[in-house]
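Undergrad: Submitted below is the structure of interest, expressed as structure tokens.
No value in this document is a laboratory result; all are computed from the given coordinates. Everything quoted here is computed from the prediction, not taken from an experiment. Quick reminder, even Gly has a Cβ in these numbers, built from the backbone with ideal geometry, and neighbours come from all protein chains shown.
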Amino acid sequence: MIRVLEFSIYHSSNAYLGHFLAERALEDFPVEVVRQPLCVPKERGIWVADLVGGKASARQDAYNREDCLRWAKRHRIEMRFPEAAEIARRVARRRARPCAREELAARTYYGALGSGREAALDAALFRAGYVDLADVNDEEVVRRACETAGLDPDSAIRRAWEPEPGRLLAEALAAFDRLACPGTPTFVVEGERFWGKDRVDWMADAARRAVARQNV
């Protein structure tokens, strides 16, 4: 079966949109979508752009919000953004935390693999940030996402800090770097990279061609 790798982070607005657009685009495809949630290691910074050493100006950030809301409206995806003051408070909290940005959220996803509830948890973590306007860096927010997904929060959090979820998270970040992914979301189909919510259709076309070749 053709595998589609999807690299994302839960507080990336473009990854949020790209994830749900890809879910729709690949709904009837005989492909395996391999979710690869990431975190931002402390040594790289606290922003999503820090994953690849990038920075965004205030103008670019404002435009990205405006553009994402247009995309959400056009594709009928529920989406909201927190106020600037709330974002500033979150940044201050991130700088004070010992763990990487969104490490717990990503670890909890990997810990849930095989439970049958991982897709529901994935969606709940995304929606926590862009529908509920919560911060998925907070353990209580992750716990609520677990409950929404039908997982026991205590068990899920304990599992998240075991070695195996940490290994899978590290492998995902290593693959992201090895494949030279330029940002989130990046989809990879048979080695071909597609970066951004505006490349989901192109990714789906590549997946369709790959399936056709496999069936020849």
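Undergrad: What is the dipole size for the chain, taken about its Cα centre, with +1 at each Lys and Arg Cβ and -1 at each Asp and Glu Cβ, in debye to the nearest 20?
TA: Its charge dipole is roughly 520 debye.
Undergrad: Hey, another quick one. Can you compute the radius of gyration and Dmax for the chain, using only the Cα atoms, both in Å?
TA: Answer for the chain, Rg first and Dmax second: 16.7, 56 Å.
Undergrad: If you don't mind, there's one more thing I want to ask. With point charges of +1 on the Cβ of Lys and Arg and -1 on the Cβ of Asp and Glu, referenced to the Cα centre of the chain, which listed residue (63, 36, 126) lies farthest in the positive direction of the dipole?
TA: It is 63.
Undergrad: Between residue 58 and residue 84, 0.36 nm times their residue separation minus their Cα-Cα distance comes to what? Could the numbers behind the result be given before it?
TA: On the way: separation 26, 0.36 × 26 = 9.36 nm, distance 1.13 nm.
Here the segment from residue 58 to residue 84 would lengthen by 8.2 nm.
Undergrad: What's the center-to-center distance, using Cα atoms, between segment 167-201 and segment 132-153 in Å?
TA: 25 Å
Undergrad: Could you compute the FRET efficiency for residue 190 and residue 131, with r as their C-beta to C-beta distance and R0 at 45 Å, rounded to 0.05?
TA: 0.85
Undergrad: Using 0.36 nm per residue, how much length does the chain from residue 73 to residue 212 gain when fully extended, once their Cα-Cα distance is taken away?
TA: Gain on extension, residue 73 to residue 212, equals 46.8 nm.
Undergrad: To the nearest 0.05, how large is the calculated FRET efficiency for residue 92 and residue 34 if R₀ is 35 Å and r is the Cβ-Cβ distance?
TA: Details: r = 35 Å, r/R0 = 0.99.
About 0.50, to the nearest 0.05.
Undergrad: Please enumerate, by chain and number, the aspartates and glutamates with C-alpha under 15 Å from the C-alpha of residue 42, excluding those fewer than 8 residues away in the same chain.
TA: 50, 102, 103
Undergrad: Still on this structure, please answer the following. If the only charges are +1 at each Lys and Arg Cβ and -1 at each Asp and Glu Cβ, what is the size of the charge dipole of segment 1-117 around the Cα centre, to the nearest 20 debye?
TA: 480 debye
Undergrad: May I ask you to derive the relative contact order of segment 19-176, considering only C-alpha pairs under 8 Å and at least 6 residues apart, and to give it as an integer percent?
TA: Worked out over segment 19-176, it gives 26 percent.
Undergrad: Among 6, 23, rank each residue by its count of other Cβ atoms within 10 Å, from fewest to most, as a rough exposure measure.
TA: Taking fewest neighbouring Cβ atoms as first place, the list is 23, 6.
Undergrad: Counting helices only, and only those DSSP H runs with n ≥ 4, report the 222 nm mean residue ellipticity of the chain as the sum of -39,500 (n - 2.57) divided by its residues, in deg cm²/dmol to the nearest 500.
TA: -17000 deg cm²/dmol
Undergrad: Below 18 Å, Cα to Cα, which aspartates and glutamates can residue 197 reach? Residues fewer than 8 away in the same chain don't count.
TA: 6, 23, 27, 61, 66, 67, 78, 122, 205
Undergrad: Something else: Most exposed first by the Cβ proxy, i.e. fewest other Cβ within 10 Å, how do 12, 57, 155, 115 rank?
TA: So the residues, fewest neighbours to most, are 57, 155, 115, 12.
Undergrad: Can you list the aspartates and glutamates whose alpha carbon sits under 15 Å from that of residue 73, skipping same-chain ones fewer than 8 residues off?
TA: Straight-line reach from residue 73, under 15 Å: 198.
Undergrad: Something else now. Rank the residues 26, 38, 179 as a footprinting-exposure proxy: fewest other Cβ atoms within 10 Å of their Cβ go first.
TA: Sorted ascending by nearby Cβ count, the order is 179, 26, 38.
Undergrad: Run the simple label-point estimate for residue 123 and residue 161 please: 7 Å along Cα→C-beta, distance reported in nm.
TA: 3.0 nm
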